[in-house]
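Structure first, commentary second.
The values are calculated or read from the model by the stated rules, or taken from the named source; none is laboratory data. Every value quoted in this text rests on a predicted model; they were computed, and no experiment measured them. Cβ atoms come from the backbone with ideal geometry, glycine included; neighbour counts cover every protein chain shown. When the accessible area is computed, the model is the full protein with side chains, heavy atoms only, and any ligands, DNA or RNA have been set aside. Shrake-Rupley method; radii C 1.70, N 1.55, O 1.52, S 1.80 Å.
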There are 2 protein chains.
Amino acid sequence: MLGDNPTIAVLGAGAVGCYFGGMLARAGNAVTLIARANHVGAIKKKGLYLDCISFKEHVKLHATTDVAEIANADLILCCVKSSDTEEAIGLIAPHIKKDTVILSLQNGVDNYERIRTAISNPTFPAVVYVATRMAGDGHVEHVGRGEIVIGTAGAPGEWADTLNTVAALFSASNVPCAVLPDVRRALWAKFLVNCAYNGISAIGAIDYGQMVETAEVQTLIDALTAEFLLIAKKEGVNISAEEAMDVNAQIPITMPRQKSSTAQDLMRGKKSEIDYLNGLIVRKGIEHNIPTPANQAIHALVKMLEHKIFTPIS
Amino acid sequence: MLGDNPTIAVLGAGAVGCYFGGMLARAGNAVTLIARANHVGAIKKKGLYLDCISFKEHVKLHATTDVAEIANADLILCCVKSSDTEEAIGLIAPHIKKDTVILSLQNGVDNYERIRTAISNPTFPAVVYVATRMAGDGHVEHVGRGEIVIGTAGAPGEWADTLNTVAALFSASNVPCAVLPDVRRALWAKFLVNCAYNGISAIGAIDYGQMVETAEVQTLIDALTAEFLLIAKKEGVNISAEEAMDVNAQIPITMPRQKSSTAQDLMRGKKSEIDYLNGLIVRKGIEHNIPTPANQAIHALVKMLEHKIFTPIS
């Protein structure tokens, strides 16, 4: 039901929201970024600085701290942290139109389900493959890739047209976007890497390349993955051990000097999304009666590091 | 076969070696500390500084870097790191008398066995309960406790007299020392705490008290303990789950502001003993075909942190 020139709102102006919102705005779409005052101030002054691999440009777009401005949006890109999903949806719920489409560009596998539980708007997951980081207020740095896949994820087939419109919108904005028949599989395949690598990289504040130089870490990644695949299967997603091994093996090769987003969160003294990564595997393990000791260890240790950040001892 | 006034050598002048060697010397025993040049220099100048809870005193004792001086020893206190056991024994082997008694005051459960494999001298384990740290060259700080238990650990019964002599020697030096009929049980009970707490404290560079404020960490401790108890049982040491829970529960209560020795090693940029703590549980698990995923995770993560210390990336 999405028209050809939809008004777009981006909820959460982290690196992912700024990059994709910025790319859409740069291509001429009407984009509103709902963000904290520091970003809004910087963007109002100079535009959003897209510091990309292939170009560097200040892009004009509307930025506001006022969540009520979401009222105009036909399409919302939900880019808040997984831990903030319910709160963010609660804030926009009084303001948005009934048929506004919500696309979750978040990490983890359950954000679109949680949004659907919280609000009746049509909501779909996107799997985002991009390496970006905020280099300052209103300044997003693009390090690699930048494509998206989306899908109906169990919603009625009549939404196929809407998703095609969304995909065309992205693709016309230099963001390659495909509609997949089984987007949950892509979601879980990306989630595998998050569960296998993010926590360990965060615990060591360590690059993917250096992380796997310790042989015992490879054994730990294998254990995390074996537990993950059992849970995925119970959730109706079949990923073979061989496929998982291939997906995992690429990470330290393609991103040797990269740290995980979880590592970046902790290094900046921020709460991480670990409750929705290894923490979700642990909860699903309890639900399905599948032991997940390796994922539990990673979850516990990252929670402990978070706790230490937020309750410093003199 | 140990006389009444044995000549004592301390191998490895860390906090444990300095404290117990210093206490024996202070009581009038002939003690030689075999140590690195920095400690030897400081001790030759001013004596060994025992900075204790109940007294502070510079104690005179003989310190040397020359391992050949071990030739006079009737009793050797082996206080090197678990990872240095074979190397240290190899260095002293050409020099020591055939009947010199070796007492291992080291962490872990297999040092006395590894010494017995390396050398034919009568060798016994000691379980050390003490909180000490090196505060500088030739300066040991004593923070709490200070008792020892020893036992024959499978050696023929005729060694009972020797152990009684050793125990009397310590006890007369203000180091309470008991001979236990089943010293392996005490060894494993202490080892439990090392496996349940040391690695986590090291990963977080975190005090025991703050460590357990994260609920998920308590679950992890329970998982480490459950795996540990299965291995202990296979090794002929029966510790009940209730007993283990009691032992573990005391740690954050009695030492809330203490970090593990493993944490202290990493914070000083030194190699830890993790291969002989959780690493030993993992190896025994493979040997006995018992899964030890929680211990494997801790072992892997501490190994990774060590690796990062020793191979910094620019």
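May I ask you to list the residues in segment A:215-235 that are open to solvent by less than 10 Å² (accessible area, probe 1.4 Å) and within 19 Å of B:Ala202 (Cα to Cα)? Result: A:Val217, A:Leu220. Read through the list (1) under 19 Å from the mean Cα position of the chain (by Cα); (2) at the interface with chain A (Cβ under 10 Å from one of its Cβ atoms), then give the number of the only condition that B:Gly204 fails. If we test B:Gly204 against (1) under 19 Å from the mean Cα position of the chain (by Cα); (2) at the interface with chain A (Cβ under 10 Å from one of its Cβ atoms), just (1) comes out false.
Hey, does segment A:112-125 have a residue that's at pLDDT below 95 and either of a type in the set (Gly, Ala, Ser) or open to solvent by 30 Å² or more (accessible area, probe 1.4 Å) (or both)? The answer is no, given that none of the residues of segment A:112-125 is at pLDDT below 95 and either of a type in the set (Gly, Ala, Ser) or open to solvent by 30 Å² or more (accessible area, probe 1.4 Å) (or both).
Taking segment A:227-237 as the range and being more than 9 Å from every other protein chain (Cβ to nearest Cβ) and either in contact (Cβ under 8 Å) with a residue 12 or more places away in the chain or in contact with a strand residue (DSSP E or B) (Cβ under 7 Å, 6 or more places away or on another chain) (or both) as the test, the residues that pass are A:Phe228, A:Leu229, A:Leu230, A:Ile231, A:Ala232, A:Lys234, A:Glu235, A:Gly236, A:Val237.
Residues that are hydroxyl-bearing (Ser, Thr, Tyr), in contact with a Gly (Cβ under 9 Å, 6 or more places away or on another chain) and surrounded by fewer than 20 Cβ atoms within 10 Å (Cβ to Cβ) within segment B:236-260 comprise just one, B:Thr254.
When A:Ala241, A:Ala249, A:Ala205 are screened for being among the small types (Gly, Ala, Ser) and closer than 21 Å to A:Gly285 by Cβ, only A:Ala241 passes.
Residues of segment A:30-68 that are open to solvent by less than 30 Å² (accessible area, probe 1.4 Å) and among the polar types (S, T, N, Q): A:Thr32, A:Thr64. Of all residues in segment A:103-133, those satisfying the criterion of being under 14 Å from the mean Cα position of the chain (by Cα) and assigned to a strand (DSSP E or B) are A:Leu103, A:Ser104, A:Phe124, A:Pro125, A:Ala126, A:Val127, A:Val128, A:Tyr129, A:Val130, A:Ala131, A:Thr132, A:Arg133.
Of all the residues that make up segment B:27-51, how many are under 21 Å from the mean Cα position of the chain (by Cα) and either at pLDDT 95 or above or of a type in the set (Asp, Glu) (or both)?
First, pick out the residues of segment B:27-51 that are under 21 Å from the mean Cα position of the chain (by Cα): B:31-36, B:39, B:48-51.
Checking which are either at pLDDT 95 or above or of a type in the set (Asp, Glu) (or both) leaves us with B:31-34, B:48-51.
Residues that pass the stated criteria total 8.
Taking the criterion of being more than 10 Å from every other protein chain (Cβ to nearest Cβ), buried (at least 21 other Cβ atoms within 10 Å of the Cβ) and outside any helix (DSSP H, G or I), the residues of segment B:261-314 that qualify are B:Ser272, B:Glu273, B:Leu277. In segment B:207-226, the qualifying residues are those that are without any contact (Cβ under 8 Å) to a residue 12 or more places away in the chain and of a type in the set (Ser, Thr, Tyr), and the one that is farthest from the other protein chains (Cβ to nearest Cβ) is B:Thr219.
A search for C-beta distances below 9 Å between a residue of segment A:136-152 that is of a type in the set (Asp, Glu) and any residue that is crowded, with 20+ Cβ neighbours inside 10 Å and assigned to a loop (DSSP other than H, G, I, E, B), counting only pairs 6+ apart in sequence or on different chains, returns nothing.
Out of the residues in segment B:148-170 that are exposed (fewer than 15 other Cβ atoms within 10 Å of the Cβ) and modelled with pLDDT of 95 or more, which is nearest to B:Leu24 (Cα to Cα)?
From segment B:148-170, those exposed (fewer than 15 other Cβ atoms within 10 Å of the Cβ) are B:154, B:156-158, B:160-161, B:164, B:168; that's our starting set.
Next, only the ones that are modelled with pLDDT of 95 or more stay: B:164, B:168.
On the way: B:Asn164: 16, B:Ala168: 11 Å.
Looking at the filtered set, the residue picked out is B:Ala168.
Among the residues making up segment B:268-314, a single one is at pLDDT below 95 and farther than 20 Å from A:Glu213 by Cα: B:Arg268.
Across segment B:209-221, not a single residue is classified as within 21 Å of the chain's Cα centre (by Cα) and not aliphatic (A, V, I, L, M).
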